[in-house]
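Handing you a structure now.
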Amino acid sequence: LAIVGLPPEPLQFSALAIVSGEFRIVGNAVGTRDDLRATLALAAAGKLRCHCHTRPLAEANAALDDLRAGRVQGRTVLVNA
């Protein structure tokens, strides 16, 4: 969950749901409510894409090298195949 902007009321989440679902929450203090509305509109229109690639666990060192060199767009997930 990426939180963009500052809501007027505190947010509440179930710790059990977050831990059991292995969720991660990140925030960004930069932005306005209009930015939030625009971001949600993009998501609702299907215009936001998550770039996620998988690599075998045996390539972990190469994946880290790519990350350090700035060659990774989005996320790289290591899988034990």
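The values are calculated or read from the model by the stated rules, or taken from the named source; none is laboratory data. Computed from a prediction, not measured in an experiment: that's the story for all the values here. A quick note on method: Cβ atoms are made from the backbone with ideal geometry, for glycine too, and the neighbour counts reach across all protein chains shown. Surface areas here come from the heavy atoms of the whole protein model, side chains and all, with no ligands, DNA or RNA. Shrake-Rupley method; radii C 1.70, N 1.55, O 1.52, S 1.80 Å.
With axes computed from alpha carbons, what is the tilt in degrees of helix 33-44 against the longest principal axis of the chain, rounded to the nearest 10 within 0 to 90?
50 degrees
Enter the accessible area per residue of the chain (Å², integer; probe 1.4 Å; all protein chains in place).
That works out to 86 Å² for each residue.
Also, quick follow-up: How many percent of the accessible area of the chain is carbon or sulfur, using a 1.4 Å probe?
57 percent
Can you give the helix-only mean residue ellipticity at 222 nm for the chain, where every DSSP H stretch with n ≥ 4 adds -39500 (n - 2.57) and the sum goes over all residues, rounded to the nearest 500 deg cm²/dmol?
Estimated from H runs of four or more residues: -10000 deg cm²/dmol.
Suppose every K and R has +1 on its Cβ and every D and E has -1 on its Cβ; what is the size of the dipole of segment 1-79 about the Cα centre, in Debye to the nearest 20?
Dipole size: approximately 180 debye.
Also, quick follow-up: Figure the gain on full extension for V19 and C50 (residue separation times 0.36 nm, minus the Cα-Cα span) and round it to one decimal in nm.
Answer, rounded to one decimal: 9.0 nm.
Ok, one more. Once you have the Cα-Cα distance between N80 and A58, take 0.36 nm times their residue separation minus that, and quote the gain in nm to one decimal.
7.1 nm
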